[in-house]
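What follows is a set of notes on a single structure, which appears directly below.
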Amino acid sequence: MQGVLFDLDGILTDTAKFHFAAWSRLAQEKLGVTLPAEFESRLKGVSRVDSLVRIMDYAQVTDQYTPEQIEQMANEKNGYYVQAIEKLTQADILPGIPALLAELAARKIPCVIASASKNAPLILKNLGLTSEFAAIVDPAKVAHGKPAPDIFSAAAQAIGASPAECVGVEDAVAGITAINAAGAVAVGVGDPQELAAAEIIVPTTADLTYAVLEQAYQA
Ligand code: B16
Ligand code: MG
């Protein structure tokens, strides 16, 4: 294993609840709809604008807004979201992650962020994790979001490895599909049925260890 390609939201910290709260506020205020709870997981790994398109489909208002209005609403949601993530600290790092990063650093295995989030640099800074990563792929610079392979291919390239030499870690179905499509080895965190396409699935981030990643890589 020459590198580990990390998803951020749902792997390093739990931001899904903040995304959902921000989208719920926007949907209520601008579209007049209440989002059902299952939207929290349906938006995992999905880019900002694609998330808004799904919400507008749900509200059945897709044809009523110009691209400029859609961009304006996406910006507004991001404002609500940034207010929440500005309060993140080291205490918000998910269990098992500091130990895993230490194990990988001790073995000199580089780690890269392959997140759909344009807020990844701010989140990493607030968690105090920026220096643990060799690179953060800019999602604005890849042609297609997850489930397309682009962001994981770019992450492997950022450390001079081929995807086949890397393990990708993800909590979202779209992310597992993207890792497999890139030709890297997928480790899923979450529901075994939902993430069945991963090589190995563990229930929580506390179960992520170097041994698990290596086991997936050797499988
Ligand atoms: P932003 P990941 C994804 O991050 C989130 O899971 C998804 O809910 C969010 O819409 C997307 O980032 C874009 O985030 O609005 O901050 O650019 O799971 O790929 O780390
Ligand atoms: Mg995620």
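Every read-out reported here was derived from the displayed coordinates using simple, explicitly stated rules and does not represent laboratory data. It should be emphasised that the depicted structure is a prediction, and the values quoted were computed from it without experimental measurement. So basically every Cβ, Gly included, is an ideal-geometry build from the backbone, and we count neighbours across all protein chains shown.
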> Any idea what angle helix 97-106 forms with the longest principal axis of the chain, computed on alpha-carbon atoms, 0 to 90 degrees, nearest 10?
Replying inline: 40
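Count charges around residue 52 for me, please; just the other residues with Cβ under 11 Å from its Cβ, Lys/Arg as +1, Asp/Glu as -1. Let's see the in-between values first.
Working: positive: 30, 48, 54, 77; negative: 50, 57, 71, 76.
Local net charge: 0.
How much net charge surrounds residue 42 when only the other residues with a Cβ under 15 Å from the Cβ of residue 42 are counted, with Lys and Arg +1 and Asp and Glu -1?
On the way: positive: 17, 44, 48, 54, 146; negative: 9, 38, 40, 50, 57, 171, 191, 194.
Computed value for this residue: -3.
When a/c reaches 1.5 or more, the comparison of a/b and b/c decides; with that in mind, is segment 88-219 rounded, prolate or oblate per its Cα gyration tensor? Walk me through the numbers on the way to the answer.
Working: a/c = 1.28, a/b = 1.05, b/c = 1.22.
Rounded shape, in that the Cα axes give a/c under 1.5.
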> For the Cα atoms of the chain, what angle does the longest principal axis make with the long axis of helix 48-59, in degrees from 0 to 90, nearest 10?
Replying inline: 50
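Net charge near residue 5: determine it from the other residues with C-beta under 13 Å of the C-beta of residue 5, scoring Lys and Arg +1 and Asp and Glu -1. It would help to have the intermediate numbers written out before the result.
Working: positive: 146; negative: 7, 150, 165, 170.
Value of the local net charge: -3.
For segment 1-159, what does the relative contact order come out to in percent, with C-alpha contacts under 8 Å and a separation of six or more?
Values: 187 pairs, mean separation 49.4, N = 159.
Computed over segment 1-159, the figure is 31 percent.
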> Between segment 160-219 and segment 130-148, what's the alpha-carbon centroid distance in Å?
Replying inline: 17
> Which of 70, 200, 136 moves most in a GNM of the chain, Cα contacts under 10 Å?
Replying inline: 70
> What lysines sit close enough to residue 17 to cross-link, taking a C-alpha to C-alpha distance under 25 Å and skipping anything fewer than 8 places away on the same chain?
Replying inline: 30, 44, 77, 87, 118, 125, 146
> Rounded to the nearest 500 deg cm²/dmol, what is the calculated helix-only ellipticity per residue at 222 nm for the chain, with -39500 (n - 2.57) per DSSP H run of length n ≥ 4?
Replying inline: -12500 deg cm²/dmol
> If one takes the longest principal axis of the Cα atoms in the chain, at what angle in degrees, from 0 to 90 and to the nearest 10, does the Cα axis of helix 16-26 lie?
Replying inline: 10
